[in-house]
Amino acid sequence: MVQLPEFPWDTLAGAKARASEHPGGLVDLSVGSPVDPTPPLLQQALREATDAHGYPTNWGTPEARRAIVDWFRRVRGVPGLDDANVLVTVGSKELVAGLPQQLGLGTGDAVVHPAVAYPTYDIGARMAGATPVRADDPDDWPAATRLVWLNSPSNPTGDVLGVEVLRRVVHAARERGIVVASDECYALLPWEVEAAPSILDPRVTDGDIGGLLAVYSLSKQSNLAGYRAAFVAGDAAVVQRVLAVRKHLGLMAPSPVQHALAVALGDLVHVDAQRERYRARRALLLPALRERGFAVSSDAGLYLWATDGTDALAQVDRLAELGILVAPGTFYGDPTHVRVAITASDDDIAAAAARLRG
Ligand SMILES: Cc1ncc(COP(=O)(O)O)c(C=O)c1O
């Protein structure tokens with residue numbers, strides 16, 4: 001039987017209880033769940049599609065697939081995809097957790113993911129019976145590697161992989177017949193970089209997307225986490241193999257959600273507005289953490305990756321004293337940092353900044 005670790009956030013109960021004792025109340029910056037309303041345009045799109053008497057297709061509705069293809073061309077600089085290259089998923093976490101199995105990987109296979117990473121890459125490898133391996137450099141990929149996960153911008157570090165780094169990964173993977181899946185859900189939240197290129201960008205691929213997948217989610221950029229709206233795009237052979245398995249598993253996004261997804265991809269106004277909300281929150285919180293003695297990095301995405309040089313759990317406790325709950329780096333494979341989410345209300349972010357300065 002596959003043994004999974006305890007769900008990381010369940011282990012924060014003690015720190016949460018302590019932080020909740022703060023007279024000003026708890027400011028929870030330990031998770032990346034959006035707090036702002038789903039844009040009215042997208043709520044309306046969902047309402048428009050409530051007659052959903054038939055099964056949706058596992059692949060995605062033609063409308064959703066078209067919207068994904070167009071979005072990659074317009075927004076991510078990836079031309080030339082068509083229907084066969086894209087697949088709608090039920091949020092992206094299920095795909096991250098299921099991809100190794102859906103690719104047919106198992107015992108004896110290695111799944112590489114970033115050294116400091118969102119925990120679900122590891123879980124997905126374990127669920128398939130494969131071996132998860134932390135490695136950032138292609139020279140460190142074991143011989144048994146069949147799948148490599150990238151995550152740019154990174155949760156939790158905010159690091160962004162540039163075109164040259166991506167090219168090196170693609171080249172190494174191609175030589176060895178390895179699938180590369182790049183989780184890019186924070187791509188439209190760049191702060192200190194101009195942009196976060198997609199693995200499917202022609203500057204990376206030279207026009208050959210063989211063996212490559214880009215995974216994307218509208219949870220964060222469109223405040224749609226509750227809708228479970230996401231997709232994967234890339235090599236048609238890989239996408240169709242995954243689709244064939246998903247048909248057997250009954251993994252299909254509800255059709256009203258797929259309509260909302262298509263509408264969301266066609267509108268950049270709400271994405272820009274949400275990005276500016278996060279920009280303002282980051283601008284409050286980041287300097288306050290630095291003034292408190294934390295070194296902070298955050299090139300892109302929704303997290304400040306911070307350290308005061310002590311042990312991660314001690315830092316969680318230190319911030320809990322201020323009524324601020326954060327996630328220890330141990331959740332991601334780094335015992336020296338904490339992850340501070342900027343996904344809290346303006347009031348909560350302002351309260352956290354004031355307490356850090358106090
Ligand atoms: C790197 C990364 N990938 C995937 C996900 C899953 O997002 P969702 O399942 O909401 O699409 C998250 C959520 O926090 C994430 O940080």
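Every number here is computed from the coordinates shown, using simple stated rules; none is lab data. This is a predicted model, so every value here is computed, not measured. Quick reminder, even Gly has a Cβ in these numbers, built from the backbone with ideal geometry, and neighbours come from all protein chains shown.
Whole-Å semi-axes of the range 220-358's equivalent ellipsoid, largest first, each the root of 5 times a Cα gyration tensor eigenvalue?
Semi-axes, largest first: 36, 20, 13 Å.
Model label sites at Ala350 and Leu249, defined 7 Å from Cα along the beta-carbon direction, differ in position by 4.4 nm. Evaluated at q = 0.08, 0.12, 0.16 Å⁻¹, the base-10 log of the normalised Debye intensity for the range 40-266, with identical point scatterers placed on the Cα atoms, takes the values -0.26, -0.60, -1.09. Note on Glu194 and Asp208: their simple-model spin labels are 2.7 nm apart, each label 7 Å out from Cα toward Cβ. Considering only Val148, Val204, Val193, and ranking their Cα positions along the charge dipole of the range 40-266 that arises from unit charges at the beta-carbon of Lys, Arg, Asp and Glu, the one farthest toward the positive end is Val148.
Need the C-alpha centroid separation for the range 217-262 versus the range 127-173, integer Å. Centre-to-centre distance over Cα atoms comes out at 22 Å.
Taking 0.36 nm per residue of sequence separation and subtracting the Cα-Cα distance, how much length would be gained by fully extending the chain between Glu63 and Asp83, in nm to one decimal?
On the way: separation 20, 0.36 × 20 = 7.20 nm, distance 1.02 nm.
The Glu63-Asp83 span can extend by a further 6.2 nm.
Sorting Thr310, Thr330, Thr205, Thr145 by the number of Cβ atoms found within 10 Å of their own Cβ, with the fewest placed first, yields Thr310, Thr330, Thr205, Thr145.
Cβ-to-Cβ counts within 10 Å put Trp59, Trp149 in ascending order as Trp59, Trp149, the fewest first.
The modelled label-to-label distance for the pair Asp51/Glu164, using points 7 Å beyond Cα in the direction of Cβ, is 5.7 nm.
Averaging the Cα positions of each part gives two centres, and for the range 290-307 and the range 328-343 these lie 10 Å apart.
Computed from the C-beta positions of Asp139 and Arg357 and an R0 of 51 Å, the FRET efficiency is 0.70 to the nearest 0.05. Entry note, the range 254-357: relative contact order of 27 percent, from Cα contacts under 8 Å with a spacing of 6+ residues.
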